[in-house]
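The values are calculated or read from the model by the stated rules, or taken from the named source; none is laboratory data. Everything quoted here is computed from the prediction, not taken from an experiment. Cβ sites come from the backbone with ideal geometry, for glycine too, and all protein chains shown count toward neighbours.
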């Protein structure tokens, strides 16, 4: 019995070491932003929900309260909830929203976009290095890289996120873009599973 218990504890410890929590990812990212002088702009959550789902908007509004802006719009056969706030770096708020949606809705797809800003223009090489450093924060692996003089877009896979999409038969769930702004700054966009805004 002692051997079984020891083996059980061993596998549980491996699980927690190998599969970090998503809350760790956000904490690591905020720390990375601070260490690299990247100003945190905010986090945007977008949920595409089937019109057939029963949405309890009061529960969602109670979680969000004054911490975020909630916009609701309709497209074809879905309701889209768009939630944006600087306070969403508090992963507990994100997890609470997801918990309510998981309990209330059967079928939805969520996109997350985290945005930051560097108060100077980065070179093409600096953008590429920064994208790979961010991927490393999420223990990610590169799937694809697109680059030109104005931006770098890196697509990868990270074990932090459970949802993923497929490209050329390979799963991916993180998209990192580093782009020039018209204001002389550099903007950092991190999407899960993909960035859904134009950059």
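Restricted to strands (runs of 3 or more DSSP E) entirely inside the range 98-171, those with at least 3 residues that are surrounded by 16 or more Cβ atoms within 10 Å (Cβ to Cβ) are 108-118, 151-157.
Kindly indicate which of 157, 199 is at pLDDT 95 or above and touching a strand residue (DSSP E or B) at 6+ places or on another chain (Cβ under 7 Å). So that I can check it myself, show each step before the final result.
On the way: 199 fails: at pLDDT 95 or above.
Result of the check over 157, 199: 157.
Among the candidates 132, 84, the residue that is at pLDDT 80 or above and in the same structural domain as residue 183 (by TED's automatic domain parsing) is uniquely 132.
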